[in-house]
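As structure tokens, the structure follows; a few thoughts come after it.
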Amino acid sequence: MPVVGFLRSTPLNSSTSLVAAFRQGLKESGFNEGQNVTVEFRFADNQIDRLPGLVDELVRHPVNVITTNVLGALAAKNATTAVLQLYS
């Protein structure tokens, strides 16, 4: 089963509508959480220094892809080149 990492620099409580839209988009694409895809959620709660550790957790999990905002993408870029290979 594919595993998607969902990483935000913001807190969960300010991202609930985004999480709902993400889940809806997965569903519309034929992915049902817990049935044919797993989503690992991580939120840095506006503590940017936590992002590298959260990226490390997702990479070690391992996830197949990470979806994130700009600050999370920068942390992923600094943490591993394996993540960047997804975009080449």
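The numbers here are math on the coordinates, done by the rules we state, and not lab data. Just so we're clear, the structure is a prediction, and the values are computed from it rather than from any experiment. Note that each Cβ is placed from the backbone with ideal geometry, even for glycine, and that neighbours are counted across all protein chains shown.
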Margin query: So if I check each of LEU58, LEU51, which one is in contact (Cβ under 8 Å) with a residue 40 or more places away in the chain, within 9 Å of the chain's Cα centre (by Cα) and not in a strand (DSSP E or B)?
Written below: LEU58
Notebook entry, point to check: If you scan the range 1-54, which residues turn out to be exposed (fewer than 15 other Cβ atoms within 10 Å of the Cβ), under 18 Å from LYS77 (Cα atoms) and of a type in the set (A, V, I, L, M, F, W, C)?
Noted result: ILE48
Check: Taking into account only those residues within the range 28-45 that are of a type in the set (D, E, K, R) and either touching a residue at least 24 places away in the same chain (Cβ under 8 Å) or in contact with a Pro (Cβ under 6 Å, 6 or more places away or on another chain) (or both), which is nearest to VAL3 (Cα to Cα)?
Finding: GLU40
